Amino acid sequence: MLVGVTAGWALTLALRRVLASVIELHPAHGLLLLAAITLTLTLAGIAASLLPARRAATIDRNTTETKIKLTVNLDGQGTYNVRTGIRFFDHMLELFTRHGGFDLDLHCDGDLDVDQHHTVEDVGIALGEAFDKALGDKKGILRAGYFVMAMDETLAVAAIDLSGRTGYVVDDQVNVPLVGDFQTELVTDFFDGFARGGRCNVHVKTMYGRSNHHKIEAIFKAFARALRGAVSRDERMKDLLPSTKGLL
Ligand SMILES: [Mn+2]
């Protein structure tokens with residue numbers, strides 16, 4: 001902040017000196033220069049006001065069970081840097097990021113020596129909080145989204161409403177306790193956490209499938225794409241809140 005102010009002040013002083021000397025030597029050129037600077041600054045201001053605001057958020061969440069640091073950009077390129085200590089969970093968060101078109105930097109240092117519960121649930125909460133924070137007042141977004149995701153022999157559906165209220169239903173049809181190194185019962189805890197942190201309704205369901213890996217993966221992909229739709233900007237209603245209630 002101080003550096004910015006000092007640099008700005010130094011630049012203003014330097015500009016004034018240049019302007020003063022130009023005006024002294026060539027008054028006409030000096031005025032032309034002044035007009036050019038004014039025009040440039042005005043155009044830059046207009047361009048900045050036309051650009052959509054950056055939608056990103058950082059969450060630092062520390063408890064005795066987990067330490068989480070994450071940054072999410074809702075309008076990203078699907079780039080990720082994810083480390084939770086659970087390889088299959090990383091795989092899910094990475095493809096969530098890519099399919100959602102977000103950017104995600106997430107590091108969780110959790111008490112995996114107990115089990116994976118705290119890590120998975122808290123990552124869900126923190127990720128939900130990050131989306132809620134990045135969305136701000138939620139003006140001009142679609143708010144609701146859904147997706148039907150095919151993955152080979154598996155089909156999964158997801159529906160999201162960024163309603164400001166919490167609710168979740170998870171039906172993943174998984175019939176084994178572990179997929180890779182991941183405790184599969186925690187799929188529910190992840191979406192429960194996300195719904196609470198993100199103050200939203202999340203419904204995910206595997207319609208059918210054989211591979212338990214696919215059943216979870218198809219759910220995460222459907223969820224990502226449903227969320228991508230829900231957070232996307234609605235050009236036609238860009239200054240409006242997508243609710244008749246006046247608050248989301
Ligand atoms: Mn996979």
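The values are calculated or read from the model by the stated rules, or taken from the named source; none is laboratory data. Please read all numbers here as calculations on a predicted model, not as lab measurements. A quick note on method: Cβ atoms are made from the backbone with ideal geometry, for glycine too, and the neighbour counts reach across all protein chains shown.
Give the residue that is farthest from the ligand (Cβ to nearest atom), with candidates limited to residues of the range 190-217 that are outside any loop (DSSP other than H, G, I, E, B) and under 17 Å from residue 91 (Cα atoms).
Residues of the range 190-217 that are outside any loop (DSSP other than H, G, I, E, B), as a first pass: 190-197, 201-208, 212-217.
Imposing the further condition that a residue be under 17 Å from residue 91 (Cα atoms) reduces the set to 190-191, 212-217.
Details: 190: 16, 191: 18, 212: 11, 213: 6, 214: 8, 215: 11, 216: 9, 217: 5 Å.
Taking the candidates together, the pick is 191.
Tell me, yes or no, whether the range 43-66 has at least one residue that is surrounded by 17 or more Cβ atoms within 10 Å (Cβ to Cβ) and either modelled with pLDDT under 95 or more than 13 Å from the chain's Cα centre (by Cα) (or both).
Our first condition is that a residue be surrounded by 17 or more Cβ atoms within 10 Å (Cβ to Cβ); within the range 43-66, this holds for 55, 57, 59, 61, 66.
Now narrow it down to the ones that are either modelled with pLDDT under 95 or more than 13 Å from the chain's Cα centre (by Cα) (or both): 61, 66.
Yes, the range 43-66 contains a residue that is surrounded by 17 or more Cβ atoms within 10 Å (Cβ to Cβ) and either modelled with pLDDT under 95 or more than 13 Å from the chain's Cα centre (by Cα) (or both).
What pairs come out if I take residues in the range 219-237 that are modelled with pLDDT under 95 and pair them with residues that are outside any helix (DSSP H, G or I) and of a type in the set (S, T, N, Q) whose C-beta lies under 6 Å away, six or more apart or interchain?
none
Got a number for residues in the range 99-124 being within 16 Å of residue 71 (Cβ to Cβ) and under 13 Å from the mean Cα position of the chain (by Cα)?
Counting residues in the range 99-124 that are within 16 Å of residue 71 (Cβ to Cβ) and under 13 Å from the mean Cα position of the chain (by Cα) gives 7.
Given 167, 193, 180, which one is within 16 Å of residue 117 (Cα to Cα), surrounded by fewer than 19 Cβ atoms within 10 Å (Cβ to Cβ) and not acidic (Asp, Glu)? Walk me through how you get there before you give the answer.
Details: 167 fails: within 16 Å of residue 117 (Cα to Cα); 193 fails: surrounded by fewer than 19 Cβ atoms within 10 Å (Cβ to Cβ).
Step by step, each of 167, 193, 180 is checked, and only 180 is within 16 Å of residue 117 (Cα to Cα), surrounded by fewer than 19 Cβ atoms within 10 Å (Cβ to Cβ) and not acidic (Asp, Glu).
Which condition number in (1) farther than 30 Å from residue 213 by Cβ; (2) touching an Asp or Glu at 6+ places or on another chain (Cβ under 7 Å); (3) of a type in the set (A, V, I, L, M, F, W, C) is the one that residue 41 fails?
Unmet for residue 41, out of (1) farther than 30 Å from residue 213 by Cβ; (2) touching an Asp or Glu at 6+ places or on another chain (Cβ under 7 Å); (3) of a type in the set (A, V, I, L, M, F, W, C): (2).
If only one of 71, 66 is within 18 Å of residue 187 (Cα to Cα) and of a type in the set (S, T, N, Q), which one is it?
After applying the criteria, what remains is 66.
With the structure loaded, tell me whether residue 229 is more than 16 Å from the ligand (Cβ to nearest atom) and touching an Asp or Glu at 6+ places or on another chain (Cβ under 9 Å) or whether it fails that test. Quick ask: steps written out before the conclusion?
Numbers: more than 16 Å from the ligand (Cβ to nearest atom): yes; touching an Asp or Glu at 6+ places or on another chain (Cβ under 9 Å): no.
When the stated conditions are applied, residue 229 does not pass them.
Got at least one residue in the range 192-204 being farther than 10 Å from residue 124 by Cβ and out of contact with any Lys or Arg (no Cβ under 9 Å at 6 or more places or on another chain)?
The answer is yes; a qualifying residue exists.
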